[in-house]
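Visitor: Questions regarding the structure given below will be posed in turn.
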Amino acid sequence: MPGLEDLYREIILDHYRSPRNRGELPPPAVRTEGHNPLCGDEIQVYLAVQNGFVSDVKISGQGCSISQSSASMMSAAVKGKPIAEVRSIVRCFKSMMTIEEDSETEAQDEKVKLGDLEALQGVVKFPVRIKCATLAWNTLLQGLDEATA
Amino acid sequence: MSTDFIKVRQDFPVLSRVINGKTLVYLDSANTSQKPRVVIDAMTAFLQHDYAPINRSGYQMASEATDLYEGARIAVAKFINAPNANEVIFTKNATEALNLIVRTWGLANLKRGDIVVLTHMEHHANMVPWHMLVAEIGIELRFIPITPDGQLDLSTLDELLIDAKVLSFTSMSNVLGTITPAKLLCDAAHRAGAIAIVDGCQSVPHMVTDIQDMGADFLAFSSHKMCGPSGLGVLWGRQQLLESMPPYMGGGNMIADVRLDGFTCAELPAKYEAGTPPITEAIGLGAAVAYLNDVGMVNVQNHETEMASYAIDQLTKRLGDDIVIHGPTNPELRGATLSFALKNIHPHDVSQILDQSNVCVRAGHHCAKPLMRLLGVNATVRASFYLYNNHQDADSLCDALEQAREFFSV
Ligand SMILES: Cc1ncc(COP(=O)(O)O)c(C=O)c1O
C-alpha cells in the first residue's frame, strides 16, 4: 500500500490550510459549479477572462484536502495566463491524473511546467481520490468553455 | 441466554484477513455486511451439487432447487413474522423493492395533488422514486422534520398526515442510527387513512422484526446488509394489496397465460418475480436468516446497543471537543451506526488515514443528501457496527482517529 506521504505532500497540506484565491467574483465573471456525487463535495469556480487572458479566478465551496488544495494550486497556476496556455495546463494536469500509460505520450509533446501541481502526482496511487483532485479542473474547463463560447 | 460473540466473530472468514500486517477492522456494515461461513458454504454447495432452474422443469434437480428457493422464502417470512410466505417477493435489492411499490401501487392509486409523507432522514431510495411521481403525475410530498438530537419530530405528525395517502419512512436512519417508532407511525398513518411503507434496510438486520405487530403495509430490505449475498432484496406486502396492484415487470414466470391479445398474471409471489430470479442468492439469504436466528436477534440488538454505548463513550472520552457525533446520544434510541465529524478534518481525509490501519468506514453523504444539508455538512464519517464487531474494533477506531488528528494538526 502506498504511504500517506505519497498523498499528503507538505505543499498540498499548505494549500489546504491556506487556500489561495478563495472567494467570489461578480458578473460578468463566469461562475461554474462542480459536484463530486460520491462524497457530496461541491466547488464553485469564478473565472474572469479579458483579452484572451484569465485575468482573475476565485474558488469557493467545500471539500477534502485533495480537492481543496488542487483547486487552490490550480487557481495559482492559471491566474494571469493566456487561455491557450491555461488549456494546455489543464490537459497536462488531467493526463497526470490518468492511470492509463498511453495517454502520457500525448501530453509529452506538450511540455508545460506544472510546478507545485506535480505534488498531486501521488494521488494517482489512490484511485478513489482522483475524482477529488480533478473536480476543480473539470469545473474550470466548463467555465473556460462558457467564457470563450 | 447469552451468546458467545467471540465465536460469532470467528464465523466470518474475511475478518481474519490481514493487510500490511494489520487485521481488518470492518466498520461499514450499514453499507454492506460481511458473510458468515454458513452462507458462503450454502451458496457454494448449491452451485457445486444442486444448481438447477426453478419452477420450469420437471426433473428431480429442478424440483429440489425449487424447494430450496421456496424454503428461503419461508425462512424470510418467518424471520419478519409475515402471515403468509406468498407475501414475500424477492427483488434485486431494497431499492428495487421500494421502486416496485411506487411504480405499481403508487401509479395505480395516486393522482395529481395526492399527498405522500416522508421523513427528512430518508435514504435516496425512499425519496427519489417519489420525486419521480411528483414530476410525472404531480403528487405532493411532505416531510416529518427532525429534532436537534436526530430523532423524528412528531409534534406535527397528525397535521402532516391530514389527507395523506402514504406515509413512507425508514425504521432506522442509515446516517444517524436513529431508531424510529415504527409501530406508532404505522398506527398514525392508518388513523389518517394512509398506507404505511417501511424502509427496513437498517433495522431488519439488527433487531427483531414483527411485521404484524408493527402494522406496516409494505416492508423493504436488502439481503446484503443482513449477512446474505448482494443481488437480492425483499419486498413484503399485505396480500390483498399485492393482489390488487398491477404487475411490475412483464416476462417469464409472472404470467398465468399469454395470448396474442394479452396476458393474465400469475398468483403471488410469482406475479412480481418476472424472469429467472437470483436463485443462489435466495438460498444464501435463507442460510443468513437461519444463522441470525441461531445467534438470536434479541442478542444481536443487545450486543449492538453495548457496542454503540461503548463506542460513543470512548469517542467522547478520547477525542473530546474534537469530535461531534450526530444523532441520539442515548444508546437505547439508536443502532450502532455512528456518524461524526472530526474537527477541521474532512471525512474523506479521515477515512484515508483510517484505511492505513485497515479501519474501514464510510465517508460521504450516505445517499441522504437532504439530511446532510440539514446537518449543515457535505459529508460525514460513518462507523457502523454489527454482530461481529467487538470492543477492540471501537478502540482501533479511536486509535486511528487520534492518528488522523495528529497527522493533520500542525
Ligand atoms: C435506509 C436505506 N434504505 C435503502 C437502502 C438501499 O439499499 P440497496 O442499496 O441495497 O438497494 C439503503 C442502503 O444503502 C439504506 O440504508
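The values are calculated or read from the model by the stated rules, or taken from the named source; none is laboratory data. Since this is a predicted model, take the numbers as computed values, not measurements. Note that each Cβ is placed from the backbone with ideal geometry, even for glycine, and that neighbours are counted across all protein chains shown. Just so you know, the surface numbers come from the protein's heavy atoms only, side chains and all, with ligands and any DNA or RNA stripped out. Shrake-Rupley method; radii C 1.70, N 1.55, O 1.52, S 1.80 Å.
Visitor: In Å², and per residue, what accessible area does segment B:41-185 have when probed at 1.4 Å with the other protein chains present?
Guide: Details: 6080 Å² over 145 residues.
I get 42 Å² per residue for segment B:41-185.
Visitor: Still on this model: Using a 10 angstrom cutoff on alpha carbons, build the Gaussian network for chain A and name the most mobile of A:R20, A:R31, A:R129.
Guide: Its mean-square fluctuation being the largest, the pick is A:R129.
Visitor: Counting pairs on different chains as well as pairs 8 or more places apart, how many Lys pairs in segment B:58-189 have Cα atoms under 27 Å apart?
Guide: Details: B:K78/B:K92; B:K78/B:K183; B:K92/B:K165; B:K92/B:K183; B:K111/B:K165; B:K165/B:K183.
Counting lysine pairs in segment B:58-189 gives 6.
Visitor: Next question. With label points built 7 Å along Cα→Cβ from the Cα atoms of B:E159 and B:Q314, find their separation and express it in nm.
Guide: 4.4 nm
Visitor: Hey, another quick one. For segment B:134-246, what is the convex hull volume of the alpha-carbon atoms per residue, in Å³?
Guide: Each residue corresponds to 142 Å³ of Cα convex hull volume.
Visitor: Continuing with this model, one more query. With every protein chain kept in place and ligands, DNA and RNA left out, what is the accessible area per residue of segment B:232-338? Probe 1.4 Å, answer in Å². Can you show the working numbers first?
Guide: On the way: 4540 Å² over 107 residues.
In whole numbers, segment B:232-338 has 42 Å² accessible per residue.
Visitor: Run through every distinct alpha carbon pair of chain B and return the Kirkwood hydrodynamic radius in angstroms, one decimal place.
Guide: Values: mean 1/r = 0.0450 Å⁻¹.
About 22.2 Å for chain B.
Visitor: Comparing A:E24, A:E33, A:E118, which has the greatest mean-square fluctuation in the GNM of chain A with Cα pairs linked when under 10 Å apart?
Guide: A:E118
Visitor: Report the charge-dipole magnitude of segment B:71-155 in Debye, nearest 20, computed about the Cα centre from +1 at each Lys and Arg Cβ and -1 at each Asp and Glu Cβ. Present the calculation step by step, with values, prior to reporting the outcome.
Guide: Values: 7 positive and 8 negative charges, 72 e Å.
Value, rounded to 20: 340 debye.
Visitor: While we're here: Specify the residue with the greatest mean-square fluctuation among B:S357, B:S29, B:S168, computed from a Gaussian network of chain B linking alpha-carbon atoms under 10 Å apart.
Guide: Looking only at B:S357, B:S29, B:S168, the largest GNM fluctuation is found for B:S357.
Visitor: Write down the accessible area per residue of chain A in Å², having rolled a 1.4 Å probe over the full set of protein chains. Show your work: numbers first, answer last.
Guide: Details: 7010 Å² over 149 residues.
For chain A, the per-residue accessible area is 47 Å².
Visitor: Hey, another quick one. Using a probe radius of 1.4 Å on protein heavy atoms only, what is the accessible area buried between chains A and B, both sides summed, to the nearest 100 Å²?
Guide: Working: alone 7870 and 17290 Å², together 23360 Å².
The A and B chains share an interface burying roughly 1800 Å².
Visitor: Rg to Rh ratio, the protein assembly as shown, alpha-carbon atoms and Kirkwood radius? Could the numbers behind the result be given before it?
Guide: Values: Rg = 26.2 Å, Rh = 25.9 Å.
Radius of gyration over Kirkwood radius for the protein assembly as shown works out to 1.01.
Visitor: Using the Cα centre of segment A:6-149 as the reference point, and only Cβ charges (+1 on K/R, -1 on D/E), how large is the resulting charge dipole? Debye, rounded to the nearest 20.
Guide: Numbers: 16 positive and 20 negative charges, 95 e Å.
Using only the charged Cβ atoms, the result is roughly 460 debye.
Visitor: When the helix-only estimate is applied to chain A (DSSP H runs of n ≥ 4, each -39,500 (n - 2.57), divided by the residue count), what is the mean residue ellipticity at 222 nm, nearest 500 deg cm²/dmol? Before the final figure, lay out the partial values.
Guide: Details: 6 runs with 65 residues, N = 149.
The helix contribution divided over chain A gives -13000 deg cm²/dmol.
Visitor: For chain B, what is the mean residue ellipticity at 222 nm derived from helices alone (per DSSP H run of n ≥ 4: -39500 (n - 2.57); sum divided by total residues; nearest 500 deg cm²/dmol)? Each step should come with its number before you reach the end.
Guide: Working: 14 runs with 152 residues, N = 410.
Per the formula, -11000 deg cm²/dmol.
Visitor: Among B:G275, B:M207, B:A62, whose Cα projects farthest towards the positive end of the dipole of segment B:40-294, with charges put on the beta-carbon of Lys, Arg (+1) and Asp, Glu (-1)?
Guide: Projecting each Cα onto the dipole axis, the largest value belongs to B:G275.
Visitor: Per the 1.4 Å probe, what fraction of the accessible area of chain A, in percent, lies on carbon and sulfur atoms? Write down the numbers at each step before the final one.
Guide: Numbers: 3610 of 7010 Å².
Percent of accessible area from carbon and sulfur atoms in chain A: 52.
Visitor: In chain B, which helices (entire DSSP H runs) extend 20 Å or more along their own long axis, judged by Cα positions, while averaging at least -1.0 on the Kyte-Doolittle scale? Mind showing how you got there, number by number?
Guide: Values: long enough: B:60-79 (28 Å, 0.03); B:279-295 (25 Å, 1.11); B:297-319 (32 Å, -0.51); B:391-408 (26 Å, -0.66).
Answer set is B:60-79, B:279-295, B:297-319, B:391-408.
Visitor: Give the distance, in whole Å, between the Cα centre of segment B:1-74 and the Cα centre of segment B:213-231.
Guide: The two parts, judged by their Cα centres, are 16 Å apart.
Visitor: Go through segment A:37-65 and flag every residue whose accessible area shrinks by 40 Å² or more with all protein chains in place compared to the isolated chain (probe 1.4 Å).
Guide: SASA drop of 40 Å² or more in segment A:37-65: A:C39, A:G40, A:Q62.
Visitor: Treat each spin label as a single point 7 Å out from the Cα along the C-beta direction, and report the B:H391 to B:L47 distance in nm.
Guide: So the two model labels end up 3.9 nm from each other.
Visitor: Distance between Cα centroids, segment B:153-171 to segment B:344-406: provide it in whole Å.
Guide: First find each Cα centre; the distance between them is then 32 Å.
Visitor: Residues of segment B:339-380 with accessible area at least 30 Å² lower in the all-protein-chain context than alone (1.4 Å probe)?
Guide: Flagged in segment B:339-380: B:H346, B:H348, B:D349, B:Q352, B:Q356, B:H365, B:K369, B:N378.
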